[in-house]
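Report on the structure given below.
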Amino acid sequence: MRPNMNLMKQMQDKLEKAQAALGNETVEATVGGGVITVTMTGHQKIVSVKIAPEAIDPEDPSMLEDLITAAVNEAVEKSQQLVAKRMSSITGGLRIPGM
């Protein structure tokens, strides 16, 4: 194998391992002063949603919907940042399409 091809293979292997490991890493987003917490993996799969009883107001379900939406969006953003951090540590900041 040529030296450049070997280096590419090593980088690809590292990227694949890092991508797989992201499924085991989680981020957490909390909104509303702690009444809603969403935990998400680096693969952007929701692991859990915790809702404090005081956030549940039968008279105002839209408030709870808004809080959950905000928490999920924040968790997605944190997950994307985690992925970017892990990948840039391998690629040295190179932008690789699809990563």
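The values are calculated or read from the model by the stated rules, or taken from the named source; none is laboratory data. None of the values given here were measured: they were computed from a predicted structure. Glycine also receives a Cβ, built like all others from the backbone with ideal geometry; neighbour counts cover every protein chain displayed.
Quick notes
- Set side by side, the residues V35, V31, V83 differ, and just one is modelled with pLDDT under 95, in contact with a Leu (Cβ under 8 Å, 6 or more places away or on another chain), buried (at least 17 other Cβ atoms within 10 Å of the Cβ) and at negative phi, which is V83.
- Residue in the range 48-56 that is hydroxyl-bearing (S, T, Y) and exposed (fewer than 14 other Cβ atoms within 10 Å of the Cβ) present: yes
- Of the numbered criteria (1) assigned to a loop (DSSP other than H, G, I, E, B); (2) closer than 25 Å to M87 by Cα, the one D57 fails is (2).
- Yes/no for N24 being part of a helix (DSSP H, G or I) and not hydroxyl-bearing (S, T, Y): no
- Positions within the range 11-28 being surrounded by fewer than 16 Cβ atoms within 10 Å (Cβ to Cβ), hydrophobic (A, V, I, L, M, F, W, C) and within 14 Å of L82 (Cα to Cα), in sequence order: A20, A21
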